[in-house]
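Quick note: the coordinates plus some simple rules give every number you see, no bench work behind them. As the structure is a prediction and not an experimental result, all values here were calculated from the model. Please note: Cβ atoms are built from the backbone with ideal geometry, for glycine as well, and neighbour counts cover all protein chains shown.
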Amino acid sequence: MKKIPFFLVIIVVATFFSACHQAEDQDFLQAEAVINGEAMAEYIKVLASDEFAGRKPFTEGEELTIAYLQQQFISLGLEPAFSGSYFQEVPLMEVEVKPAETMRLVSEAGGLVLNNLTDFVAFSRKVKQKTVIENTALVFAGYGIVAPEYQWDDYYGLDVRDKIVVVLVNDPGLATADPDLFNGNAMTYYGRWTYKFEEAARHGARGILIVHNTLGAGYPWSVVVSGAVSPKLFLQDEGGYAEFADVEGWLTTEAAEELFANAGLDFHTLAQEAAQPGFRAVDLNTRLWFEMESTFKYDVSRNVAGVMPGTDLADEVIIFSCHWDHFGIGPVINGDSIYRGAVDNGTTMAWMLEIAKAFGKLENRPRRSIMFLAPTAEEQGLLGAHYYVKNPAFSLEKTVANLNNDLMLPLGRMRDVMITGYGQSTLDDLVEEAAKRQDRYVIPDPNPESGMYYRADHFAFAKAGVPALFARGNVEHREHGREWTAQKEKDWLANNYHKPADKYDAETWDMEGIVEDAKLAFYIAWKLASSNEWPQWNEGSEFKAIRESYMP
Ligand SMILES: [Zn+2]
């Protein structure tokens, strides 16, 4: 037998591997090339058509939308995600609340009357037809935060079981602009109103009122009001949300000033103190009277998902997501009442469908499975996504990552890749790598105080511990630069966001930026799906401990 020189073996083996690698790259590049803007526009024309009537859950718009997505998933070669079905039923409850016109407050100094909508809004998810609050004490509990990793406990030594807690919006990092306090200006989950309601429930508070300000909330009081006057959807809860507060509401800053002054206290002084470590809750020496009535309706909406199975790691999954729902038919604005949601979230559905198409074109299937998930009822509080993570098709410890998008503006190609929630996880490194391929740079969301990381579907995954990414070009247009881009975004938010004017416009839309973002996400997912690496939450992320609690 003739001996083969060792160096020759090395050369042959090395050549084989590099040829393999090249073939894979060639395969990837060919698949990537199928992502295109014309196809995206075709999906959007249908999804944002008058016929689809704004894609509202429980309406004919839902039926049309989910049937359309199913049909696309089938033609893209995806398999049903939920034991033979592309649909996952999401049981929802619609709550309509009629609050009394006023809230009466009494302190030693006298009485104070606050008016519904101008001074406060009040709500309750509790399954209870009539809520009566009488002679109930108020306590100022700072930011209403319990955060062990920051040694922070606004409920320390406090029994709030028959009290209404008054808390501040956002977290102490923003108020103090101290980068070492929480996450500095960037909002943490502790800053979100959803968190504050959950924390109040954990302490059994009778009620909770959050003091609004525009900077801290990320939106003006008018948004709080429009959210409060329309019926709200929740996931159905077996216990009827018994642990939640009887009153979940907001106060304007002006109302809080009056309320504190009526109790002989200065709101702004206490608010400043509340942002300092070691702050302890303050009794507001005030009693509250208030009533409201609730009605409930029950219905079922659906998430839609298809899966491209992997090979040797097919039980592990990377999940793309983008919500399908929007607001349906609503108040007339400029003679139009159809809230078509072409950008919210038509463009993103097009982004996801084109990524699915590219995965279908790969000759070498990646090792891990890829799921394409369109959750319902995002606009009502990420409900479809929250339901999915509670009832996942792949268990969470087998869920590698979530790549979500929302509100992708068709402004054209961008020089940047903006990461909302920058620094949260090691997924940022993959974005960096993918951005370089496209001659783009990575930039953190310039407005992290608005808490966008906690306001779209990827957050449902993050909250369940799954590393989740929200990234797209958004800051610097390749030809027009930064100011132009910022102005365009601002105009869009003012004129089109959550309005009938959010519709497809062949004249002004440029899909090429979304095409590039789809290629970017395709690369990231392909890389992850081809490896056995597990992205991690970074040190200091509020989601790290949750992930570690169930990972093997
Ligand atoms: Zn959206």
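Summary of computed values
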read-out: Approximate shape of segment 471-521 as ellipsoid semi-axes (Cα gyration tensor, √5λ), whole Å, largest first; value: 19, 15, 11
read-out: Calculated P(r) tail over 14 Å for segment 55-136, as whole % of Cα pairs; value: 77
read-out: For segment 95-297, alpha-carbon Rg relative to the globular expectation (2.2 N^0.38 Å, N residues); value: 0.96
read-out: Which of MET103, ASN262, PHE296, positive extreme of dipole for segment 95-297 (C-beta unit charges); value: PHE296
read-out: Cα-based Rg of segment 250-407 normalised by 2.2 N^0.38 Å, two decimals; value: 1.58
read-out: Whole-Å distance, taken between Cα centres, linking segment 215-238 and segment 339-418; value: 24
read-out: Part-to-part distance (alpha-carbon centres) for segment 95-136 and segment 64-87, which is given in Å; value: 45
read-out: Per-residue ³J(HN,Hα) for segment 57-62, Karplus 6.51 cos²θ - 1.76 cosθ + 1.60, θ = phi - 60°, Hz, x for Gly and Pro; value: x, 6, 10, 4, x, 5
read-out: Whole-number D in µm² s⁻¹ for segment 396-552, Kirkwood Cα-pair radius fed into Stokes-Einstein, 10 °C, 1.306 mPa s; value: 97
read-out: Over 20 Å [Cα-Cα, segment 198-337], rounded percent; value: 69
read-out: Scattering profile of segment 163-242 at q = 0.11, 0.22 Å⁻¹ [log10 I(q)/I(0), Debye over alpha-carbon scatterers]; value: -0.35, -1.15
read-out: Separation between Cα centres of segment 536-552 and segment 169-202, rounded to whole Å; value: 19
read-out: DSSP-defined antiparallel bridges as percent of all bridges, segment 95-297, nearest 5; value: 65
read-out: Compactness index (Cα Rg / 2.2 N^0.38 Å), the chain; value: 1.04
read-out: Cα-based reach from LYS163 at 16 Å (exclusive), listing lysines while leaving out same-chain residues under 8 positions away; value: LYS196
read-out: Net dipole in debye of segment 95-297 [+1 Lys, Arg Cβ; -1 Asp, Glu Cβ; about Cα centre; nearest 20]; value: 600
read-out: Volume of the Cα convex hull of segment 311-355, divided per residue and given in Å³; value: 75
read-out: Residues with amide H under 5 Å from that of ARG302, placed H, sequence gap 5 or more; value: VAL90
read-out: Cα-projected label distance for GLU38 with GLU238, points at 7 Å along beta-carbon direction, nm; value: 5.4
read-out: Beta bridges by DSSP in the chain, antiparallel share as percent, to the nearest 5; value: 65
read-out: Dipole magnitude (debye, nearest 20) for the chain, charges at Cβ of Lys, Arg, Asp, Glu; value: 1020
read-out: Residues whose placed amide H lies under 5 Å from that of HIS203, excluding near-sequence neighbours; value: none
read-out: Under 12 Å, Cβ to Cβ, from SER49 - net charge with Lys/Arg +1 and Asp/Glu -1; value: +1
read-out: Within straight-line cross-link reach of LYS488, lysines at Cα separation under 18 Å, skipping those fewer than 8 residues along the same chain; value: LYS499, LYS503
read-out: Listed peptides 298-304, 137-143, 195-201 by packing density, highest first (mean Cβ within 10 Å); value: 137-143, 195-201, 298-304
read-out: With Cα atoms, 0 to 90° folded angle of helix 512-530 axis to the chain main axis; value: 80
